[in-house]
Structure formats: structure tokens, C-alpha cells
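Inspection log for the structure reproduced underneath, given as C-alpha cells.
Please treat every number below as a calculation from the coordinates, not as lab data. Computed from a prediction, not measured in an experiment: that's the story for all the values here. Every residue, glycine as well, gets a Cβ built from its backbone with ideal geometry; the counts of neighbours run over all protein chains shown.
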Amino acid sequence: MNVSDVMRVLDAELICGEEYLETEVHEACGSDMMSDVLAYVKDQAVLLTGLVNIQTVRTADMMDMVCIVFVRGKSPDADMIALAERRGMVLLKTAHRMFTACGLLWENGLRGGKGVERVKVDL
Amino acid sequence: MSALKWTYEVDGTDFTRAGEASSNVKKKLRALGVPSDVIRKVSIALYEGEINMVIHANGGVIDVEMSPDRIDMTLKDTGKGIPDIDKAMQAGYSTAADEVRSLGFGAGMGLPNMKKNTDEMRIESTVGVGTTVYMTVYI
């Protein structure tokens, strides 16, 4: 699946990053908690989120994610779009809710990462 | 190659700018041709640390030193300090305000995630004085 497939499946609107629509997407992650997104490390991932602030774009950038989909028709502001453009990231928005958006992508063959990921700590 | 050093002042009053230092370090490491898995680890650990400095400690100073075989990061703040470091290291334990959670952080995953992404990590903290986090990622 590539970014344009994600866009088609979610009936999403392109906000920025038209030149990267052919980029392959290997996995997806749906979360409003950026700390959880940061604990989830995979390549070529798409982030589905209802969280709209600049840290959403920064988090995705730190994780080298290729695309962010804002669910429930939420729109990023100008600063977020500018940062995404500088980082070569696609921003999409869909009217679907988080659960539905994740379900549609899953149904079309996109998967999440491996199951339970425990963070083990001993200091 | 001698060590490269970068220092960043982290503004503790503006959440929207949190992460700028980490983003800048990431860009520098990429330009220097550092392996992408190392960059990923450094970026995540530093970003989590930088967010912590803003949400818990009114900002501080980040020092990054890159040697041929390692990247050392020091995050120093003069915030309220951590009373119980063992507890703070537990996944899911958080003292963050609800306002921070509404911004997507404060789930109690920051310190564990920093530990997970670094080869060495040490925290020195004194309540009322501040906290310094030392982290190293081997190249």
C-alpha cells in the first residue's frame, strides 16, 4: 500500500505532500498519545490521530513516519503544515472516526506492528 | 575525528517549541552520515527528554557531544526534581498535569522510553534543585 492508497481507502483530503503520494506505507499506528507513538518504532509508518498540535508532526518526524492522517475531519494549523512540508511528510484528513479509519486500512491489508511491546526498565 | 559539541537552551514556557533542539540534532546527525538506527534512538530519547524539561521543569540546557563511537547527551534543568527515581522510571507512572495529557504526553512512558532507546542512562536529581539526565547511544 502507498500513501495514495491510504488516501483513497479513507476518502481523505490531501493537505500537503502531494509529491510523496507514491511512498510505500508498511504499517499504521492509531493513537492520540504521542508517548505511545514514540514507544512504537517501525519504518514507513502512517500515524492516525485525533490530536492536533505541532507535537503531532514533531513526533511523526522523530519516527520518520511518512504520513499523518487526522481523523474526524480535524485540520492542522499553518505551523503544522509548514513543518510537515519542511520534513517531506504527507498530511491527510478524513471524516472517518479513529476506529473506522483503522478498520478500513486493516481491511485493505495494512497492519499494525507486532503485538504487545513491553518496555522493560532496570536502573 | 575530535568530538563535536552542540548546546541548546530549552525554553520552558512554550510547549509549541518543545522538540526543536531534538529536531536540530537529528538534522545534524543525518548530515554527518550517522546510521539511521542510531539517529532514531538519539532522536526519540532526546525528544522525550526535551518534552520532560518543558512539561516538568521550566526548560533547561541540553548538551550533545558526538565522538567517533558514541553520542553523549546531558539534559540539565533546575526544576522541582524527582523525589523517587525508581517510581518515575516505571512505565505508566506520571505526575503530569491533565493539560499535558491533552497535548498527547504525560502517559508515564517518557523515562522508560528514553532508557529503552539508549545504551547508558543515569539520572541525578535533588528535590527543589533540579534534575540532570545523562544518556549515551553507541554508534
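Using Cβ contacts closer than 10 Å as the measure, can you line up B:L111, A:L21 from fewest to most?
A:L21, B:L111
What is the count of Lys pairs in the stretch B:4-138 whose alpha carbons sit under 14 Å apart, if the two are 8 or more places apart or on different chains?
Summing the qualifying lysine pairs gives 7.
Taking Cα atoms, how many degrees apart are the long axis of helix B:36-57 and the longest axis of chain B, rounded to 10 and kept between 0 and 90?
Relative to chain B, helix B:36-57 is tipped by roughly 30 degrees.
Applying 1/(1 + (r/R0)^6) with R0 = 30 Å to the Cβ-Cβ distance of A:K74 and B:Q90, what FRET efficiency is obtained, to the nearest 0.05?
The formula returns an efficiency of 0.40 here.
Which three extents, in angstrom, do the Cα atoms of chain B have along their principal axes, listed largest first?
43, 29, 25
Nearest 20 debye, what's the magnitude of the dipole of the stretch A:3-107 about its Cα centre given +1 on Lys and Arg Cβ and -1 on Asp and Glu Cβ?
The dipole magnitude comes to about 360 debye.
With N denoting the number of residues in chain A, provide Rg(C-alpha) divided by 2.2 N^0.38 Å, to two decimal places.
For chain A, the normalised Cα radius of gyration is 0.99.
Where in the stretch A:64-106 is the amide nitrogen less than 11 Å from a point lying 7 Å along the Cα-to-Cβ axis of A:E13?
Counting only backbone N, you get A:73-76, A:93-95.
Enter the mean number of other protein chain beta carbons within 10 Å of the beta carbon of each residue in B:42-49, as an integer.
4
For the pair B:V61 and B:L32, what calculated FRET efficiency results from E = 1/(1 + (r/R0)^6), where r is the Cβ-Cβ distance and R0 = 25 Å, to the nearest 0.05?
0.70
Taking a quarter of the surface of the Cα convex hull of the protein assembly as shown, what do you get in nm²?
13.3 nm²
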